[in-house]
Structures are given as structure tokens and as C-alpha cells.
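Each reported figure results from applying straightforward, stated rules to the coordinates on display, with no laboratory input. What you see is a predicted model; the values in this text were computed from it and never measured. Virtual Cβ from ideal backbone geometry, glycine too; neighbours counted across all protein chains shown.
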Amino acid sequence: MTKTMTGAKMVVQALIDQGVEVVFGYPGGAVLPIYDEIFQQNSIQHVLVRHEQGAVHAAEGYARSTGKPGVALVTSGPGATNAVTGLTDALMDSIPIIVLTGQVPTFMIGTDAFQEADTVGITRACTKHNWLVKDTDKLANTIHEAFHVALSGRPGPVLIDIPKDVQFATGTYSEKAKRKSHYAPQVKGDIDMITELAEAMAKAKRPVFYTGGGVINSGTAASQLLRELVEATGFPITSTLMGLGCYPASGPAWLGMLGMHGTYEANMTMHGCDLMINIGARFDDRITGRIDAFSPKSVKAHIDIDASSINKVIRVDIPILGDVAHVLEALLKVWKAQGRKTDKEAVAKWWKQINEWRATDCLGFTQDGPIIRPQYALSRLEALTKDHDRYITTEVGQHQMWAAQYLGFEDPNRWMTSGGLGTMGYGTPASIGVQMAHRDALVINVAGEASWLMNMQEMGTAMQYRLPVKQFILNNERLGMVRQWQQLLHGERYSQSWSEALPDFVKLAEAFGAKGIRCDNPDDLDEAIKEMIAYDGPVIFDCLVEKHENCFPMIPSGKAHNEMLLKNAQVQGSITATGAVLV
Amino acid sequence: MSALNIKKGASSHSAYDLRSTFGDTIEKHTLAVIVENEPGVLARVIGLFAGRGYNIESLTVAEIDHTGHRSRITIVTAGTPQVIVQIKAQLGRIVPVHEVHDLTVEGPSVERELALLKVAGRGDARVEALRLADIFRASVVDSTLESFVFEITGTPEKIDAFADLMRPLGLQEVARTGVAALARGGQTHV
Ligand SMILES: Cc1ncc(C[n+]2csc(CCOP(=O)(O)OP(=O)(O)O)c2C)c(N)n1
Ligand SMILES: [Mg+2]
């Protein structure tokens, strides 16, 4: 059955057909016809954000916590340019979102019309793909294709730019998936390579699983299969910042996060292994440290859905192109069918070594004195919230790394953080997106005071939609991560890394109509956190912490995994001029 | 090596010396990229090369299948073996790209380029230009009493050689199409 309707109605119809329930957006002249259609229906809930960057991060939070695509709708010109940071963030972290932008009418494109921007030009480099739709008859198909592209292969953000006359014009609506898309990335891994990996696993004496966001993106089945594989082999497992939750933090084989601020045991295991099995991670520079000293003696296998990730930075011996869940399923089959066994004795010896590294207790700290240490704050937050149906978002900085270190994730899709782009201002809108998808869950944004100010306007959104998001601010009155680097690299010259003239966060909360809680005493912390959890509504929690705490362990720029710093005393002269140019 | 010496291959995303562990020989490759002929597709391909710091030595594009809306982009690029592999994988990631062929490694291929050269002169130089054009099998497509426009087809090297010879004889202007290339033999790519 073909239906004729206006382009604006098509947008809403296509979203409904795609199963969209929530759209995060902000209106303006170039999307008024679409907003008019939104007004006249009840299938899709529109969440009015306070800034378009917030709409895109909220859509990201929604997508990451559900595994479904997130949708944002913004106007032309400034609406579109405000979406750019969110798009880039989603591209770097492979998050499937669909951003719809209004555009000036087709006959005015190119004339520098009011609120005209070359949106597809500007966003070409920060989307997986984008489209300018000039013909209403092609609009519905383009939207369906956009969902397909965003979700297939390595997921990512897509954008559809819709001129206002195309929204007003009438055309034929085409149903979902009428035309088969040519875009169909390979999901099944090469069975010979998978067999080779099984062989290598049977022979390995010092193996490690190095997992990443690809496991999460592949769906919950991938995490389940990964757990089976770890169980079947008894190999140790670590993960990148993006992969936290793919294997439970309470699991016996868990080494903690790896990389620049990863645990001593995870990084030493990576450095000393003889078989590295990379599952859905990308050898990012936060992980590898110095390339030519990265895990020098290992055979490396790499499972990835994106061919361009394989051999990009680190040369691998067993490349397997495919979707994590598909490949792990095949790998487990091969492992069992061939009756493969691990070298139990060697692996036990390896674990003995790993346990010695573990014994350094690199995340150990003592809470002494009257000032709350950030590690203590997060340990208490973990203890008091871990039994809740809990979702965590973060901002970017020291607090983000501490959250990764001191909070434990048992399941995928519970941890939303800006990894690849490191976007301050991500956490508050992301927490709103998460809470929209999980109305009854406990959603906490672990924030730094500086990051939090970047998108604090979204507290208004939280109030309007009664989203009880908890903003847990580790307030060190510093751009802490910047201050740490200045201490280590720039002779303790703290250029512009102070958070001066901070607002009174409790009063700020009250101004929004939310609850404000301040805590500056370790003895009061538990009660204060409990009060935050118990409050049925948004909370801004101002947790005043030690101002000069550094985040350890740390692999300094330009150093190898086994050159990690564990505490302040080791810092002097640890970073060379070569290291200093690295970010 | 100075402390701040960053190798040329370092990527734009990070100052890390990403390619130091890989082979250093620069190879020249001719790629045939079959794309959906939709707006912006050429910008995507060029943007990829600019954004990631890859070389473009030559690039040609035209629609080759009007009913199927397919275009063929022929790119001559240079890089270390790993960079070449990356370029192909990155091209393959672009949504409207259907196929990427490395004609340099997929077997023998023919490469041709067309050029127009304007040569102005009188007397002996003019006679000599015409004589050389004949040797190179360039044809005269425009002529005045003081100038010729030659059309020449061949490998880029042949065109370089011809242009070098024309220079002292009054070469004024050159227009080149860039390389078009096809695999030899019966198999097809499109
Ligand atoms: C949008 C943006 N601008 C700048 C930076 C660089 N940056 C990284 S961490 C940081 C300081 C963050 O301070 P705060 O939010 O208070 O967190 P803390 O490190 O103190 O925990 C800065 C400025 C960034 N990551 N993102
Ligand atoms: Mg701070």
C-alpha cells in the first residue's frame, strides 16, 4: 500500500515505523513543519533539551544504555552546528544515532540564506554517512536507509538534512526496508582464522583477552559468549574504558581496566603475554602507550568488524574480520568440537605471576584526615549503589578515570562515558538520555565541577520530564586532569587550571527546583549518598574532595606498559621531551 | 634524532609515531574505486585523503554506468605497504563505495592519461615541435601560425617525457586528465 503525505508527516511516520519511542530535540524555523506533526501525534515522545549538543549526547546515552538507536531533531544553521560535537563523539565511540536537521528551502540553498549552513559539508567528517534530501519522494527511503547504516557493521552517527520545502511538499511514503541496501558489512569471521586462533589458544602459556567497546556494540549475546569463553579457558581478561561491563567486575578472571590509567596487573599482563586476543578494541593510543614497546613478545589476534581497525596501529598475526558475537560463537564451537584444551599448567603459572602483580594493590588508598579523597567517595558510592538497578554516566577528567577504577560493572550497557573524543559536558545530557530509557533505574552522572558546568542547562530538561538523575560532582575546584599534567609535564605551572568563581551548587540545584546536597566530611558521606539515592527527583551532589589528588596508576606519555607510575613519588623526571609532545 | 622529532607518518589524531614499526618503503599504487554516483561522494573520498594525510598523485572520476548510477574513481597514491592497506580499508568503509580494487597488486593493468599541450613558436622550434609530436604520436587538434595544441595519450611517464621536450620549444600550457586504468585480461570489475 502506498500512501501520500507531506514530508514532515513522513519523518514522523518513518520514525514510528522504525520503532522510535523518544526523540531529543530543539525546534527552530527550518523544522517547524516537523514539529507541527509531532504536536499532532502521541506515538513518539519528544524531549525538549536546552541546547542541541545536549540533544545529541542524550540520544547517545539512550542508545548506549538500550542498544537501540538514539534520535535527535534540530533546526538548520546554529541547531546543526551545535550538534557537531555530539556527532563527533558518537563517531569516535561508534554509537548509533540518527540526527535530523532542518535546512533552508532547496531554492535558497547556496544563497547564504538566514540560518543556512552547509550541514552535510560540515558533518561529512563527523558522521558515518549523511544525506541532503531534495525530493520528498526519497525522504522516507532515506530515513529507513539511515537507520540501517547507523546500526550495521561498525555503528555510528548519521545525519539527514531536510530542506523546509521538502517537509511541506507531498510525496509517496515508502515502507521500511522496501529496497535492499547495498551496504552490508561482513559479520561472519573467516573459519580458518578462527581455527588458527583456537590453536593458538590451546598452545598459549601467557594469554590475555583484551576487550573493548565492540563487545558492547555487538549486543548482549556477545557479552554472554565472552563470559562463556573466559569460563571455558580460564584466561585472564581486561578491557578498555569502552568495554567495561562486558565481563563482570566481580568475575574471577577480571584484571580491571587497562591503559593509561589502568591497573598494574592489567598492563603488566598485556606487556608480558604470549597471546593477546583483542576482541572489539582498536589499539588506541590510550591503551598501547609507546608503540614499539607494546607487548613485544606476543602473538596478536584481533577480532573487529571494521577492516580499517585491523593493522592500523599494531601489526596483528591473526586478523578476524567480523561481528564479535558471530565470531565468538564460531570460536566456541570450534573450541568444543575439536576438544581443545588449554595448557593448564602454564596458565596456572601465569596466574601465579598475575596474582603477584595484583598484590601491589595499585588502587589501594587510605582515607585519613578530614578531607574526602575522591577514591574514597567513589568507593562509598560503589558500595551504596551496586545493588541498585544502576546506570553510570561520566564527564571527562580525573573523576572519569576514578569512576572507571572504583566502580564495578557487572553487565554491558551500564556505563556511558565519552571515550574516544573525551567530551567534557557529555555526562549530564547522557544521564538524561539514559533515564528516559530506564525510568525507574538509578542513573548517576559522576562529574567534575568544570565538566559539569559545560552542559548544566540540561538540569532544566531533567526537571521538566521528572527525570531523577543524580549529578555526583567530585568538586576539586580544579580542572584536575589538566592540573595533573601541568604538575607532571610543565614544572607545576598551573596555567588556567583553577575552577574559580564556582557557583554554589546547592543553591544552583534549588534554583532549578532540584535537590542540592553538599558533603565535605568523610564521616558524613554515607548518609549524604543515601539521602541522594532516596530522593525522588534530580539531585546535584556537591562532593568537596581533596584538591591535589593525582590519578594513578599512570603510564606517562611515550612510555611502555611496564614503565607505569604507581604513585607521586615516582613522578619526578619520568616524562621526557619526546613524551611531552604526545597528548 | 631530536627529542621532538615526529615521523612523517604520525596520524592526525595523535602525535604518536604510529608507523615506526612498519616497513618504510614508499610504493605507488593505482586504485579503482567503484562508487554510487550520489552527491558528495567525491568530497568523501577526497576528504578521507586530506583528513588522514594520505597522498593523491592523480585522481579521475566519471560516471561509467548511467542506469546503475555508478562512477569509477581512479586514484594513484603512494605510501608504505601498511598505509596502502589502510587507504583501501578506509575507502571500503565509505558507505556509497561499492568496491575497491588495487590494480597494482591484482595483476597486470593498463594505465593511460590524456593531455593537451599548447606550444607557441615560429621557425625551427615550430618545425621541431611538430616532428617530435609525430614521434610521440601526438595529434594536432588546434593550430595557428604561431601555435599548436597537441593531444597526446599514454602513460603518465610518456606525457612527462613529451612535456619535457616541448618546454624549450615554447610550451605554454598543459591540461592533463589524470590516470584511467583497467586490469588486463577478461575479468571485469563493475
Ligand atoms: C570540551 C573539552 N574541553 C577541554 C577538555 C580538556 N580537559 C580534559 S579534562 C579537563 C579538566 C576537567 O575538569 P573537571 O571536570 O573538574 O574534572 P577533574 O579532572 O577535576 O576530575 C579538561 C579541561 C576536554 N576534554 N573537553
Ligand atoms: Mg575538577
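Using the alpha-carbon centroid of each, what span in Å lies between the range A:249-292 and the range A:199-221?
Taking the Cα centre of each part, the range A:249-292 and the range A:199-221 sit 11 Å apart.
Top mean-square fluctuation among B:Ala115, B:Ala175, B:Ala163, Gaussian network model of chain B, C-alpha springs under 10 Å?
Result for chain B, Cα springs under 10 Å: B:Ala175 fluctuates most.
Please report, in whole Å³, the volume per residue of the convex hull around the C-alpha atoms of the range B:109-182.
Per residue, the Cα convex hull of the range B:109-182 comes to 70 Å³.
Can you give the relative contact order of the range B:27-102 as a percent, counting alpha carbon pairs under 8 Å and 6+ residues apart?
Dividing the mean separation by the residue count of the range B:27-102 yields 47 percent.
How high is the relative contact order of chain A, given as a whole-number percent (alpha carbon pairs under 8 Å, six or more residues apart)?
Relative contact order of chain A: 14 percent.
Give me the dipole magnitude in Debye, nearest 20, for the range B:109-182 about the Cα centre, with unit charges on the beta carbon: positive for Lys and Arg, negative for Asp and Glu.
It works out to roughly 80 debye.
So what is the calculated 222 nm ellipticity per residue for chain A, using -39500 (n - 2.57) for each DSSP H run with n of 4 or more, over all residues, to the nearest 500 deg cm²/dmol?
When only DSSP H runs of four or more count, the value is -11000 deg cm²/dmol.
Find the centroid of the Cα atoms in the range A:77-125 and in the range A:459-514, then give the distance between the two in whole Å.
Using only Cα atoms, the two centres lie 29 Å from each other.
Just how large is the dipole of the protein assembly as shown about the Cα centre, in debye to the nearest 20, putting +1 at every Lys and Arg Cβ and -1 at every Asp and Glu Cβ?
1240 debye
What is the Rg over Rh value, at two decimals, for the range A:306-406, using alpha-carbon atoms and the Kirkwood definition of Rh?
So for the range A:306-406, dividing Rg by the Kirkwood Rh gives 1.10.
Just checking the output field for B:85-96: average partner chain Cβ neighbours within 10 Å of each residue's Cβ?
5
Over all alpha-carbon pairs in the protein assembly as shown, figure out the percentage whose distance exceeds 39 Å.
So the portion of pairs separated by more than 39 Å is 44 percent.
Restricting attention to the range A:151-260, which chymotrypsin sites (Phe, Trp or Tyr not before Pro) occupy a DSSP loop and are surrounded by at most 10 other Cβ atoms within 10 Å?
none
Please state the charge dipole magnitude for chain B, taken about the Cα centre, from unit charges on C-beta atoms (+1 on K and R, -1 on D and E), reported in debye and rounded to the nearest 20.
Magnitude of the dipole: close to 360 debye.
What is the distance in Å between the Cα centres of the range A:377-438 and the range B:92-169?
Using only Cα atoms to place each centre, the spacing works out to 62 Å.
Can you give the local net charge around A:Pro185? Use residues other than it whose beta-carbon is closer than 10 angstrom to its beta-carbon, Lys and Arg +1, Asp and Glu -1.
Value of the local net charge: 0.
Considering only DSSP states other than H, G, I, E and B, which chymotrypsin sites (Phe, Trp or Tyr not before Pro) in the range A:56-132 qualify as loop sites with at most 13 other Cβ atoms within 10 Å?
Counting only loop positions with at most 13 other Cβ atoms within 10 Å, the chymotrypsin sites (Phe, Trp or Tyr not before Pro) in the range A:56-132 are A:Phe114.
7 Å from Cα along Cα→Cβ at both B:Ala50 and A:Tyr494: what's the point-to-point distance in nm?
My value for the distance between the label points is 4.2 nm.
R0 = 51 Å: FRET efficiency of B:Asp65 with A:Phe168, Cβ-based, nearest 0.05?
Taking R0 as 51 Å, the efficiency between B:Asp65 and A:Phe168 is 0.90.
Say R0 is 30 Å: what FRET efficiency, to the nearest 0.05, do A:Asp411 and A:Ala184 get from their beta-carbon distance?
0.50
Less than 15 Å Cβ to Cβ from A:Pro236, Lys/Arg counted +1 and Asp/Glu -1: what total charge do the surrounding residues give?
+2
Quick one: length gained pulling A:Lys567 to A:Lys530 fully straight, 0.36 nm per residue minus the C-alpha distance?
10.2 nm
Got a sec? Charge dipole of the range A:1-142, +1 on Cβ for Lys and Arg, -1 for Asp and Glu; which of A:Thr66, A:Asn130, A:Ala8 is way out at the positive end?
Comparing the listed Cα positions along the dipole, A:Thr66 ranks first.
Build a GNM of chain B with springs between Cα atoms under 10 Å: which of B:Thr155, B:Thr25, B:Thr144 gets the top mean-square fluctuation?
The residue that fluctuates most here is B:Thr144.
Averaged over peptide A:309-316, how many Cβ atoms belonging to another chain are found within 10 Å of each residue's Cβ?
Other-chain Cβ atoms within 10 Å of each residue's Cβ, averaged: 5.
Find the Rg to Rh ratio for the range A:1-152, where Rh is the Kirkwood radius over alpha-carbon pairs and Rg uses the same atoms.
Using Cα coordinates only, the ratio equals 0.93.
Give me the percent relative contact order of chain B, please, defined on Cα pairs under 8 angstrom at least 6 residues apart.
The value is 23 percent.
Going 7 Å from the Cα of A:Leu32 along its beta-carbon direction, which residues of the range A:143-178 have the amide nitrogen within less than 13 Å of the resulting point?
Inside the label zone: A:164-165, A:168.
Starting from the Cα of A:Lys134, step 7 Å along the direction of its Cβ; do the same at B:Arg122; then give the gap between the two resulting points in nm.
5.1 nm
Sticking with the crude label model, points 7 Å out along Cα→Cβ, report the distance from A:Ile191 to A:Ala383 in nm, one decimal please.
That separation, rounded to one decimal, is 5.3 nm.
Within the range B:35-52, list the residues whose amide N lies under 20 Å from a label point set 7 Å along Cα→Cβ of A:Ala125.
B:40-52
Show the residues, 5+ positions off or on another chain, whose built amide H is closer than 5 Å to the amide H of A:Leu73.
Here A:Phe24, A:Gly25, A:Tyr26, A:Leu100 satisfy the definition.
Please tell me which of these pairs span more than 19 angstrom C-alpha to C-alpha: B:Lys28/B:Lys158; A:Lys68/B:Lys88; A:Lys128/B:Lys88; A:Lys128/A:Lys176?
From B:Lys28/B:Lys158; A:Lys68/B:Lys88; A:Lys128/B:Lys88; A:Lys128/A:Lys176, over 19 Å: A:Lys68/B:Lys88; A:Lys128/A:Lys176.
Using θ = phi - 60° and the Karplus curve 6.51 cos²θ - 1.76 cosθ + 1.60, what whole-Hz ³J(HN,Hα) does each residue of the range A:141-151 get, with Gly and Pro shown as x?
4, 5, 5, 4, 4, 4, 4, 4, 5, 4, 9
Starting from the amide H of A:Gly156, placed 1.01 Å from N in the peptide plane, find each other amide H under 5 Å away whose residue is 5 or more places distant or on another chain.
The list, which skips near neighbours in sequence, is A:Ile97.
Given the options B:Ala181, A:Ala55, A:Val99, identify the residue whose Cα lies farthest towards the positive end of the charge dipole of the protein assembly as shown (+1 on Cβ of Lys, Arg; -1 on Cβ of Asp, Glu).
Checked the options; the winner is B:Ala181.
As a test of understanding, state the convex hull volume per residue of chain B from its alpha carbons, in Å³.
169 Å³
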